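Report on the following structure.
The values are calculated or read from the model by the stated rules, or taken from the named source; none is laboratory data. Just so you know, these numbers come straight off a predicted model, no measurement behind them. We place every Cβ from the backbone using ideal geometry, glycine too, and count neighbours over all the protein chains shown. Accessible surface is based on the protein model in full, side chains and every heavy atom, while ligands, DNA and RNA are left aside. Shrake-Rupley method; radii C 1.70, N 1.55, O 1.52, S 1.80 Å.
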Amino acid sequence: ADYEFFLQKRLLDGNETEEMPIEDYSVAWDEEKSVPVRVGRLRIPRQELDDALDQEGEHMIFTPWNTTKDLRPLGSLNRARRVVYSLSAQRRHELNKSVNPFA
């Protein structure tokens, strides 16, 4: 798997609440005024997992909310996703009969 990560700076020069709103997902941010910048790449090679490593993976929970306060996701859509990620992890742990480390 190969993932690239981009950031797009929210410009604060006048009509930012109209041109680059955080809460209105129907408004596309102007990529000519604020060009997305690649900040990283994650390459994960194909892996063969043994049973012990596979079981260890069942305890993991991945969410963009596992970060510092300054880097937490913004907006109402991301606040809704936080709930969905939590419920999804909880349900996965129930179905797999594994321990949820955040429960």
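Quickly run through segment 40-55 and pick out the residues that are open to solvent by 100 Å² or more (accessible area, probe 1.4 Å) and modelled with pLDDT under 85.
So the first thing to find is which residues in segment 40-55 are open to solvent by 100 Å² or more (accessible area, probe 1.4 Å), and the list is 41, 43, 46-48, 51, 55.
Answer for segment 40-55, where residues must be open to solvent by 100 Å² or more (accessible area, probe 1.4 Å) and modelled with pLDDT under 85: Gln47, Glu48, Asp51, Gln55.
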Exercise. Take the residues in segment 1-18 that are modelled with pLDDT under 75 and in a loop (DSSP other than H, G, I, E, B), then tell me which one is most open to solvent (accessible area, probe 1.4 Å).
Key: Asp13
Self-check item: Of all residues making up segment 70-99, the number that are surrounded by 13 or more Cβ atoms within 10 Å (Cβ to Cβ) and farther than 30 Å from Gln8 by Cα
Solution: 4
Quiz item: Out of segment 31-50, which residues are among the charged types (D, E, K, R) and over 21 Å from Pro73 (Cβ atoms)?
Solution: Glu32, Lys33, Arg43, Arg46, Glu48, Asp50
